[in-house]
Amino acid sequence: MAELDGEAAFLSSMQDTNDGEGTYEPTGADNEQQADSSAEEEYDPSQALQDVSPHSPLPTSSTDALVNEAEQSTLASANNPITSMSMPATAGPRQSTPSVRTTMNVSRSASRTSVQSTNQAISKIHQTNGGSVRVVAEAGELATKPSANGVVQVDGDNMGSVQHSVSHTPISQLSTDVSIPNAAQDKGASGLLQNGGADTVPNSATVLPETGAAAQENNNNQPSQTLPASQVDVPQASTTEAIATPISAAPRARLPHDRIGILEDRIRDDPRGDMDAWLSLINEHKRRSKLDDARQVYERFFTVFPSAAEQWIAYAKMENDAQNRLLMEHIFNKTLLHIPNVHLWALYLGHVLRHNNLTTDTSGAARQIISQAYDLALQHIGIDKDSGNIWQDYVHFIRSGPGMIGGSNWQDQQKMDLLRKTYQRAICIPTQAVHMLWKEYDGFEMGLNKMTGRKFLQDQSPAYMSARSSYTELQNITRELRRTTLPVLPPALGFDGDVEYMKQLDIWKRWIQWEKDDPLVLKQDDVAAYRDRVVFVYKQALMAMRFWPEMWFDAAEFCYQNNLETEGNEFLTQGITANPESCLLAFKRADRLELTTSNEEGDESAIRRGAAVREPYERVLDALYDLIAKVKTREAQDLARIAAQTANNSDSQPEESRMDDEEGDNNEDEINSMEKRKKAQIEAVKNVNAVQIRLLSKTVSYAWIALMRALRRIQGKGKVNSPIGGSRQVFTDARRRGRITSDVYVANALIEFHCYDPEATKKIFERGLKLFPEDESFALEYIKHLIAINDLTNARVVFETAVNKLAQKPETVARAKPIYAFFHDFESRYGELSQITKLEKRMRDLFPEDPMLTLFSRRFLQQGFDPTAIRPIISPATQARPRAIPSIETPPSAQNTPPSRFAPPTNSPKRPMPFEEPDPEATRPRKLARGESPLKGAAGRRLDQQKRNRQPNDLSQYDGLAQSQLPPPPLLPRDVLFLLSIIPKAETYHATRFKPEEMVRLIRETGIPSTAAQLRPPPGGVGVPPIHQMSQMSQIPQIPQGHYNGQHFFNR
C-alpha cells in the first residue's frame, strides 16, 4: 500500500505541474476552466470559462524542465524507476506480476472525453455464465482453454455456429459473427484500447480461462486491476482544466537476447506502421512451437489489419498443421464472407474437398456440400481476374459427377444444363482461363448438336470476345501492380517509398476507372453486375491501400450514387476504423448521418440527431488529441535520450583526462563543443515536434469548427450545459479541451453575428484578442469584421494594437505585413491621403526590402488590374513593327559561285579542331565519296530508263550550256542528306501540292507579334496573301510513276 500511495502522490504532483499542457503554445490557446452551472439568457463567452492567461510562465511543464528531470533520472538508482516495466509473459499457468499498478476511474464528460492509453492495454473480453463481462489484461495476450481432447472449447451461447463442421454444413447457414453483450461496450473498460485501437470488441475464436479468484469478480464498474505495471491511465481534460499525461524518461532497453520483448516494444510503439515486427513476432512464436502465444499475436494483429488475407491463410495453415479443425473452420467462418480473396477461398475449397470424400459418397451429400462451396466461392470471387483456375476446377468437378453428357435421361439433362450454365457464366468474365474455357465450351456444344451448338456459340460469342479483349487491357493496366493484402502507411512526400506507393495507388485508380468505364457493357443489360464489379475492385484496392482515406471516400461515394446505402455505410465505418484520425471520413460520415436521419419536430429529435452526428466528430477529435499526446511523449523521450547520451559521454572520459581536469587543465573547447551539439540536437527535436503539433492543433481546430456548424444546423445556438447544447456548447467544449487555434474563435464569432447575437460577436473577438495577441490571422479577421459593420474607429484601434504588439520583437515583424497590406488597401480606397502617406512611411521603415514603386502602385490595384503598369502604343508603325526574319534563300552574288572542293573543317566530338597550331594533316584532301555501283538485271535497266526520262526536264534550264559545263550541285549538311534519304519520293504523295516559292514567301512575310499588344493586322496588308494567290499555290494531284494497283515503288 505504501508503494501505491507513493505512486498516486507522484501522479498528483505531475498533474498539478502540467496544468498548462493543454494550451496552444505557439499563439497561446485557450486553457480555461469549466463553465458555471447557471447559464444566463445573454450569451457571454467571457463568463463561460474563467480567464487564464495563455502566456503565463510554465516552468514545471516546459521542455527544459523535462530535460533536467531526465538528466537527474539517469543518475538515480535503477531500483526506483518512475514507471516499472512489466515482465515478459512466461509459459504455463498465468500469474499476476508483482508490480505497482495504479488505476483511476474515468468518467466521460459532456464532450465524451475518452481516455486511451498509448501503452499496451486491455486485450480481450468474454462472457461468463452469469452474463457479466470480465476484462483480463496480461501483456495483451489471449489465453485458451484446452479440453480433454486438445481442442479449444467454445461457449455454446456465443459460438453455436461453430459446433458443427463447416465441411458438413452449407456455409450460407453459418453465423458470421460472435455476439458480445451490449453492456460490455457501454463500460469504460470494455473497448479495445490496445495501441490506440477502436472501442470495439473483435470476435474471438477462443475463450479466456479462469485464472484465479480475482478473475471471478465482476469488473464491469471499474477498469481492470491486472494491467501491466507500465500502464497508467490518466484522465484527459475531464475536469476543470486540461490535464496532461505525465511524461517519463526513455524506457530502459531490453536485453539483446530478449527478442520477443523487443518485438513487443516495437509493436506497442508503432502498431500500424511496424509490419515487420508483427510478422517477426509471429514467426518467433512458431519457431519456438508456442502456438498459444502465436494465436494471441494473430488475434491482436487482426484487430489492426482485419483484411490481411495472407496472414489469415497462414493462421489457417498453422491450425491445419496442428490438426485443429474446429479453429480452422472458425477462421473460415470469420473471414470468407468479408474478405474476397482468391487464395483464401481456394484454401477453403481445398479444405472442403479433403474432408468430403467423393469416393465413399453413396448418398451424394458430400458432392452437394462441395457444389454449394463452389457456388458460394464463385459468387464472391468469381469475377476476379485471377479466378480462372477455380472456374476450371468447378467445370471439371461437374464433368466428374454422375450422368453422361449427351444422354437422354433426367440426370444427364441436369448435368448438361448445369455445365452449359457454368460455361456461359465463365466465358463472360475476363480471366486468364477464358480462352481455354471457350474452347471447352465450343467442343461441348458442338459435340451435343451442331445445329443448336452453332446457335449457342453465336449468342455467346460477343460476350466472350469482350471478355478476352478486356482481359488483355486489364493485364496491361495491372502489369506492375503488387496485389498484396498487407497494407502499409503511406510514406510522407519526399521520403523513402513515396514514389513506389503513389505508383501503386495510381495503378489501383486506373483499374477502378477502367471498371467504371464499363468495358464489358453491363450498364444497360445487367446494372447489378456492373455495380458488383466496381465494388469488388474497390475492396481489392482497400486491402492494399487500407490507410489511404481518399480510397475509402471514393468507394462510399460510388455506393451512394448507385443506391448502395448499406455498402456505402460499411465502407465509411471500416475506413474510420482504419484511419481514426482522418477528418475526411469523419466529416463524410457525419454529413451522411445528418442527411439520412429523420428530421422531426421536438427536442427529442434534436437531441437524438445531435448525438448521432456528434459521434464521428468526437472520434476523430479523440484520435487527434492522442496523436498530440504521442508527439509530446516522443519529444520527451528523445530529449531524455539526448541527455542520457551526453551524460554517458561525459562519464566515459579517460582517467588521464579526469586527472588533468583535477589539476586545472580543463579542455574547455571539448566541453563547449559537446554543449553545442547537445543544444543543436535539442533544438532540432523541438522544432520538428513543434511543426507537427502546430499542424495537429490546426486540424483539431477545424474539426471543432465543423462540429460547431453541424450542431448549429441541428440544434441551433443551444444553451451551455443543457441537453440541447448547440453551437455554443461545442465552443465551450473546445475551449475546455484546449489545443485550439484562433480559427475556432473567429468561426464562432461569425456564427453569432450572422445567425444569433451580434453583441456576443464583439465579446468573442475581444476575448480572442487577449488570448492570441500575436496571431496576425485573428487580428486581420477582427479588423475585417469591424470594417464590415462600419466600426472604423475600433478597426483602427485593433490595427494599432496588433501591429505594435508584433513590432516589439524582431522575429515577429514580418508577420505584421498582411495586416499592413490589408489596411493600406482599405485606406487607399476610403481613407485620406495624409493617412495613406503616413501608413506608407511606416511600411517603408518596417519593410525596407519592398520597392517604393510597388507600394505606390498598390493603391490603384483592383481585381488584379494595375493601371500604372500599362504602356499604350502611340505609334503602331514604330512600336508594333514585326521583327525581321532571316531569309533562307541564297543571295544572288553566291548563286553562280562554284563551291569549294573541300568542306571547311568543323568541330567533331571525335577529332576536336585545334585552335593554337594548325595541323598539316588537316589540309590534306580526303578521299572522294565513291559512286554507287550500277544495278544489274531488270532493276538496273528500269532505273536507267527512269533517269533518262527525267533527264530532259532536269536539263531544260541549262539549254545554253554543255554537259561538261554544268555546275556541280552544292554540298548539303550530313543531317539534311540523311533526312532526304529516309523520306519517300515526291511522286508518292497524293494530297494537294503547294508551290514551294509561295510557301516560303508566305512564311517570310507573315508578321508574328512578340507581345500581346501587337495582336492586330499588320500595316500594309502584309500577312496572309489574297485568295486568288492562294488558289495558285495548289495543283491538281497527279498519279506518280510507279503506282500500280495501290502499290508504290520507291526509287532510291
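The values are calculated or read from the model by the stated rules, or taken from the named source; none is laboratory data. All figures in this text were calculated on a predicted structure; none of them were measured in a lab. Glycine gets a Cβ as well: all are built from the backbone with ideal geometry, and neighbour counts include every protein chain shown. Each accessible area value is taken on the protein alone, full model and side chains, heavy atoms only, with ligands, DNA and RNA left out. Shrake-Rupley method; radii C 1.70, N 1.55, O 1.52, S 1.80 Å.
A few remarks follow.
- If the chain linking Asp825 and Met446 were pulled fully straight, counting 0.36 nm for each residue of separation and taking away their Cα-Cα distance, it would gain 127.9 nm.
- Calculated FRET value between Ile671 and Gln863, using beta carbons and R₀ = 60 Å, to 0.05: 0.45
- Potential lengthening between Ile1003 and Leu853 on full extension [0.36 nm per residue; Cα-Cα distance subtracted]: 49.8 nm
- Ranking by accessible area, most exposed first, for Leu481, Leu627 with a 1.4 Å probe: Leu627, Leu481
- Estimated FRET transfer efficiency when R0 is 41 angstrom, pair Glu615-Asp375 (beta carbons, to 0.05): 0.55
- Estimated at 0.36 nm per residue, the fully extended path between Arg993 and Arg974 surpasses their Cα-Cα distance by 4.2 nm.
- Look at where the Cα atoms of the stretch 447-488 and of the stretch 666-721 average out, and the two centres are 54 Å apart.
- More than 24 Å apart - percent of Cα-Cα pairs taken over the stretch 760-864: 23 percent
- Descending semi-axes in Å of the stretch 495-593, equivalent ellipsoid built from Cα gyration tensor: 23, 19, 9
- The stretch 482-572: chymotrypsin sites (Phe, Trp or Tyr not before Pro) in DSSP loop, at most 10 other beta carbons within 10 Å: Phe495
- Long-range amide H partners of Arg993 with built H, under 5 Å: Gln1035
- Among the protein heavy atoms, those of Ser461 account for about 40 Å² of accessible surface (1.4 Å probe, every chain in place).
- Using a probe of 1.4 angstrom and keeping all protein chains present, the accessible surface of the stretch 760-864 works out to 55 square angstrom per residue.
- For the stretch 454-506, applying the loop criterion from DSSP together with a ceiling of 14 other beta carbons within 10 Å to the GluC sites (Glu not before Pro) yields Glu480.
- Carbon and sulfur %, accessible surface of the stretch 760-864 computed with the full protein complex present, 1.4 Å: 54 percent
- Heavy-atom accessible area ranking, 1.4 Å probe, most first, across Ile507, Ile477: Ile477, Ile507
- Whichever lysines have a C-alpha closer than 29 Å to that of Lys290, once near sequence neighbours (fewer than 8 apart) are set aside: Lys124, Lys145, Lys317, Lys334
- Estimated FRET transfer efficiency (Asp270, Ala365; beta-carbon r; R0 51 Å; 0.05): 0.55
- Largest-first ordering by accessible area, 1.4 Å probe, given options Leu1002, Leu437: Leu1002, Leu437
- Listed residues Ala760, Ala795, Pro818: farthest to the positive end of the dipole of the stretch 760-864 (Cβ charges): Ala760
- Counting only protein heavy atoms and using a 1.4 Å probe, the accessible area of Glu668 comes to about 120 Å².
- Area of Arg425 that stays accessible when all protein chains are in place (1.4 Å probe, Å², to 10): 90 Å²
- Among the listed pairs Lys817/Lys841; Lys632/Lys686; Lys817/Lys838; Lys686/Lys809; Lys503/Lys523, those whose Cα-Cα separation exceeds 19 Å are Lys686/Lys809; Lys503/Lys523.
- A protection proxy built from the mean count of other Cβ atoms within 10 Å ranks the segments 871-879, 614-622, most packed first, as 614-622, 871-879.
- Pair Lys516, Gln645: separation of 7 Å Cα→Cβ label points (nm): 4.8 nm
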